[in-house]
Number of protein chains: 4
Amino acid sequence: MIDLNADLGESFGSFVVGRDAELIPLLTSANVACGFHAGDPRVMDRTVRACREAGVAVGAHPSFPDLVGFGRRVLDVTAHEAETDVLYQVAALAGFCRRHGMGVRHVKPHGALYNQANRSPELARGIAAGIAGCDPGLVLVCQPGTELALAGEAAGLTVAFEGFVDRAYNPDGTLVSRSIEGSVYHDPGRATEQALRMITEGTVVALDGTVVDVRVDTLCAHGDNPEAVAFLGALRDRLAAAGVQVRPLREVLAARGA
Amino acid sequence: MIDLNADLGESFGSFVVGRDAELIPLLTSANVACGFHAGDPRVMDRTVRACREAGVAVGAHPSFPDLVGFGRRVLDVTAHEAETDVLYQVAALAGFCRRHGMGVRHVKPHGALYNQANRSPELARGIAAGIAGCDPGLVLVCQPGTELALAGEAAGLTVAFEGFVDRAYNPDGTLVSRSIEGSVYHDPGRATEQALRMITEGTVVALDGTVVDVRVDTLCAHGDNPEAVAFLGALRDRLAAAGVQVRPLREVLAARGA
Amino acid sequence: MIDLNADLGESFGSFVVGRDAELIPLLTSANVACGFHAGDPRVMDRTVRACREAGVAVGAHPSFPDLVGFGRRVLDVTAHEAETDVLYQVAALAGFCRRHGMGVRHVKPHGALYNQANRSPELARGIAAGIAGCDPGLVLVCQPGTELALAGEAAGLTVAFEGFVDRAYNPDGTLVSRSIEGSVYHDPGRATEQALRMITEGTVVALDGTVVDVRVDTLCAHGDNPEAVAFLGALRDRLAAAGVQVRPLREVLAARGA
Amino acid sequence: MIDLNADLGESFGSFVVGRDAELIPLLTSANVACGFHAGDPRVMDRTVRACREAGVAVGAHPSFPDLVGFGRRVLDVTAHEAETDVLYQVAALAGFCRRHGMGVRHVKPHGALYNQANRSPELARGIAAGIAGCDPGLVLVCQPGTELALAGEAAGLTVAFEGFVDRAYNPDGTLVSRSIEGSVYHDPGRATEQALRMITEGTVVALDGTVVDVRVDTLCAHGDNPEAVAFLGALRDRLAAAGVQVRPLREVLAARGA
């Protein structure tokens, strides 16, 4: 079993981003922008409604406060600033979920906040505290072996691990930087095989050939990739053929005893 | 019985506004800014904590999105824009309340949003829908006889009515515009007598001498007034001498059968 | 002779809007967003550079401060607020023009600021003062017969009048509201004929058949219209066939003795 | 001869910061906030006017875009982002200066932008390019021996060096971090003596006793210090007694042949 997640609701006012309507039917989890890097109250409202109608679980996708930078630039915040910024964003999204008769299920930090929290214990601690302060039942989605994963566990959160299907891995389980040749796969076949291996064997072959253990509860599809829709469709077909069920994250976690 | 409310948490980042620490012990309800005209996640967090420690009920104080104008300028929004902006702000504050083991009790729109909703049915409807969408158990604080009061009732919200102690009234129960001589009282005695009359007789004497019926569940003290602290102390003494109890809004409403 | 203008540089950060690269070769004047409704310093820089390379005159396109509303909502500002907001935006754009060895030539207010200034003398006066305060040599682009045109003249600015080729007119020379059937033309032929008549005869046929006098120095092409590029090409061909020269606004104004 | 500078215009909307009216008569140069960490178009307008009336030279005080953090947090921007953000801010201020019949004289980056540019060649290069792109005649105010000073010189800008009177120095000429005991002087006498020694001998005694060479063209008085006004008065008296003239920065630089 595996969950499929993507970032949604990243439009802002008149500024339209992404192909949400096409992606939603292919997902089981949506990471919804909360206004700090994208998303505004109208976008949040209609994104949550669309997820509700499609039976897709809603998660929060909080960011550094940086609309013009789309949350892709590191801001040197304190743990307390991260905690309160995350709490604010997750709670705001929770309001739209309540309005539509559902709840926020998970939190996945966005962009530079996510990347920086992989290696900064302080930042990771702040993020985890913000999530737990809002609702200790929320699931933190992150990469295994990171500071963010450790901080989530220390804060008593359920932690779900995500894998990337179109990105090359380092031997330590981190992603190869986008600036390095071969870091991003353009071959759908290769990506699909990496996904399948992660799910069925719990391993990934790093760029140098090392076989690395990776537990994967959810796979991330980048919604801003123009081929994301076609790619997700192919992945779903391949997973079905291999007998892998695409299921909501809470079922995946329950099956793992998490 | 009467509730006493004031606007709190109107600092923003390094910009400090108000004398919250001195006001809190004198209040039973706080209207806490939610980031759109003032307030940021750190300010919201510490304001809610301070209210929690003092036993003051927390309400949301949503605004038009206008930090540089402090929410005092009318923005021509649709009902849906008002609804979603209010929902976002109230929900964000609710997160900080959950973190501190309490809930949001009421909502009082701020500044131009409050004033404009007195006379615009569309805007009032949007605000009421945003509050009800977040939590139908929230109390809407507004002036009696306004479009906002009507919209709140139509949306199924409990509506609490507020009176102003330092402002002159028109014969129709609205406030005399600040631009008119005599609209703002500078004499604490006069203000205290107006407060007492509103509570004990349910009437106010308008600027032209007309006696107007006004139901009052809560009295508003303007926290940005430099004399607010001294004034609130005097008011509390006078109310005590007259046998009026200052109690949380929910008790006042329960006593009225609201 | 006629000038052709369109709104450019309305992207913001990662949010991409418009087809600037295709529009620029067809224009003689660009109205460049200045950060309040769209545009950011990077977008402004590359838009000004592209205009410089194509020989297109650069104008400022200031707005109410309303990124999420794209400047399309009226904000109830004072004349002084409008003046200083306009001055800030025009001056910021002037910096990018200096960097690229050119100057700001004209100012055309955006969206709700433009529409509201047609009928509000206070707002119009503030806008005109902001433009004149920045540089009294700037040309104000607006519609004839409006409060904005009057305020521009009173402030000593050169005023250029613009006509709309794809919009129906009222008998008083104002535009028919978009909410009314027939207000927006979808037939390029009709739009082109209206343009030609405005230029060669100085008149437009209103929706009710009245022939209205309109002086037109520049024609506005809406860049957010998906057919804008094809339409502008057809208009240029038709104008050339009719012997109308498309020239920079300053030449058009000089020829008129303005 | 020495110039005295302070940060002014750091209010924002209704949020009031600083004691500008009392500081202005004591200064020869003002660093005026440009809207990214503080300051708004109204604040900029009245600050420039007040400087004009008092004969104080106006400089721009650009920042990272971080209103809620008051520009005190490092944002990981590219050189191009810094360049365009600085250009936008300096140019916007230049508009208010033109309106009041004066020009921007200098640029001093604010807060984290200033500190980070001391050690980041990339960031320093971007800042210098932004200043030069706006007006190559602008003076860059910074600390001697920093990457910012080098980048300013490489960009062809006149560079003026500033000294801090109430802060302890390291042996390499940098400031001792505020987190270290003794880094900030609370004794006006000690601060005044440090100022005098910097001006008359061109040296400062570091915290460890080392005598360090420092060229100083302007002294910075922190306006957010509650004692700044009293302190600046005392400094002026002491400088007068020692025969040091307080003169506009351009005269100080001219006397040094800069």
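Please indicate, with yes or no, whether at least one residue in region A:57-76 is over 25 Å from A:A234 (Cβ atoms) and among the acidic types (D, E).
For region A:57-76, residues over 25 Å from A:A234 (Cβ atoms) and among the acidic types (D, E): present.
Of all residues in region B:182-218 being assigned to a loop (DSSP other than H, G, I, E, B) and in contact with a Leu (Cβ under 8 Å, 6 or more places away or on another chain), which is most open to solvent (accessible area, probe 1.4 Å)?
Among those residues, the one meeting the criterion is B:G182.
How many residues are closer than 20 Å to D:G257 by Cβ, of a type outside the set (D, E, K, R) and open to solvent by 10 Å² or more (accessible area, probe 1.4 Å) when one looks only at region D:147-156?
Here the count works out to 4.
In region C:1-23, which residue that is within 30 Å of A:D66 (Cα to Cα), surrounded by 23 or more Cβ atoms within 10 Å (Cβ to Cβ) and among the acidic types (D, E) is nearest to the other protein chains (Cβ to nearest Cβ)?
Looking at the filtered set, the residue picked out is C:E10.
Given the conditions (1) touching a residue at least 60 places away in the same chain (Cβ under 8 Å); (2) over 16 Å from the mean Cα position of the chain (by Cα), which single one is not true for D:V212?
(1)
Of all residues in region C:237-258, which are surrounded by fewer than 12 Cβ atoms within 10 Å (Cβ to Cβ) and closer than 23 Å to C:A149 by Cβ?
Of everything in region C:237-258, just one residue is surrounded by fewer than 12 Cβ atoms within 10 Å (Cβ to Cβ) and closer than 23 Å to C:A149 by Cβ, namely C:G257.
Report yes if D:T158 is in contact with a Gly (Cβ under 9 Å, 6 or more places away or on another chain) and farther than 16 Å from D:P65 by Cβ, otherwise no.
Criteria met by D:T158.
Within region B:110-147, which residues are farther than 20 Å from B:A221 by Cα and in contact with a strand residue (DSSP E or B) (Cβ under 6 Å, 6 or more places away or on another chain)?
If the condition is that a residue be farther than 20 Å from B:A221 by Cα and in contact with a strand residue (DSSP E or B) (Cβ under 6 Å, 6 or more places away or on another chain), then B:I131, B:L138 are the ones that fit.
Have a look at A:F161, A:F231 and point out the one that is aromatic (F, W, Y), in a helix (DSSP H, G or I) and in contact with a helix residue (DSSP H, G or I) (Cβ under 8 Å, 6 or more places away or on another chain).
Within the list A:F161, A:F231, the selection yields A:F231.
Which one is nearest to the chain's Cα centre (by Cα), of the residues in region D:17-40 that are aliphatic (A, V, I, L, M) and part of a loop (DSSP other than H, G, I, E, B)?
The extreme case among them is D:L27.
Within region C:171-181, identify whether any single residue is assigned to a loop (DSSP other than H, G, I, E, B), open to solvent by less than 20 Å² (accessible area, probe 1.4 Å) and touching a Phe, Trp or Tyr at 6+ places or on another chain (Cβ under 9 Å), and answer yes or no.
Yes: region C:171-181 contains one or more residues that are assigned to a loop (DSSP other than H, G, I, E, B), open to solvent by less than 20 Å² (accessible area, probe 1.4 Å) and touching a Phe, Trp or Tyr at 6+ places or on another chain (Cβ under 9 Å).
State yes or no: is B:T28 over 28 Å from A:H100 (Cα atoms), touching a Pro at 6+ places or on another chain (Cβ under 7 Å) and in contact (Cβ under 8 Å) with a residue 12 or more places away in the chain?
yes
Do we find that A:V68 is in a loop (DSSP other than H, G, I, E, B), free of Cβ contacts under 8 Å to residues at least 24 places away in the same chain, open to solvent by 10 Å² or more (accessible area, probe 1.4 Å) and out of contact with any Cys (no Cβ under 8 Å at 6 or more places or on another chain) in this structure?
So A:V68 fits the description; yes.
Could you tell me how many of the residues in region C:53-88 are more than 13 Å from chain D (Cβ to nearest Cβ) and charged (D, E, K, R)?
5
Restricting attention to region A:56-65, which residues are open to solvent by 10 Å² or more (accessible area, probe 1.4 Å) and small (G, A, S)?
Answer for region A:56-65, where residues must be open to solvent by 10 Å² or more (accessible area, probe 1.4 Å) and small (G, A, S): just A:A57.
Can you name the residue in region A:110-125 that is touching a Ser or Thr at 6+ places or on another chain (Cβ under 7 Å) and on the phi < 0 side of the Ramachandran plot and is also most open to solvent (accessible area, probe 1.4 Å) among such residues?
Selected residue: A:N118.
Quick one: in region A:24-35, which of the residues that are surrounded by 22 or more Cβ atoms within 10 Å (Cβ to Cβ) and in contact with a Gly (Cβ under 7 Å, 6 or more places away or on another chain) is farthest from the other protein chains (Cβ to nearest Cβ)?
Only one residue tops the list, namely A:S29.
I want to confirm something. Restricting to region C:87-107 and keeping residues that are aliphatic (A, V, I, L, M) and farther than 19 Å from D:C34 by Cα, which single residue is surrounded by the fewest Cβ atoms within 10 Å (Cβ to Cβ)?
Among those that are aliphatic (A, V, I, L, M) and farther than 19 Å from D:C34 by Cα, it is C:M102.
Here are D:F231, D:F161: which of them is within 21 Å of D:A6 (Cα to Cα) and open to solvent by less than 30 Å² (accessible area, probe 1.4 Å)?
The unique qualifying residue is D:F161.
Run down D:R49, D:R105 and say which single residue is within 14 Å of another protein chain (Cβ to nearest Cβ) and among the basic types (K, R).
D:R49
Those residues that are crowded, with 21+ Cβ neighbours inside 10 Å, more than 15 Å from the chain's Cα centre (by Cα) and away from chain A (no Cβ under 11 Å), I need them from region B:129-146; list them, please.
Once the filter is applied, which keeps residues that are crowded, with 21+ Cβ neighbours inside 10 Å, more than 15 Å from the chain's Cα centre (by Cα) and away from chain A (no Cβ under 11 Å), region B:129-146 yields nothing.
The values are calculated or read from the model by the stated rules, or taken from the named source; none is laboratory data. All values derive from a computational prediction rather than experimental measurement. Cβ: placed from backbone, ideal geometry, glycine included. Neighbour counts: every protein chain shown. To get the accessible areas, we keep the full protein, side chains included, count just its heavy atoms, and leave off ligands, DNA and RNA. Shrake-Rupley method; radii C 1.70, N 1.55, O 1.52, S 1.80 Å.
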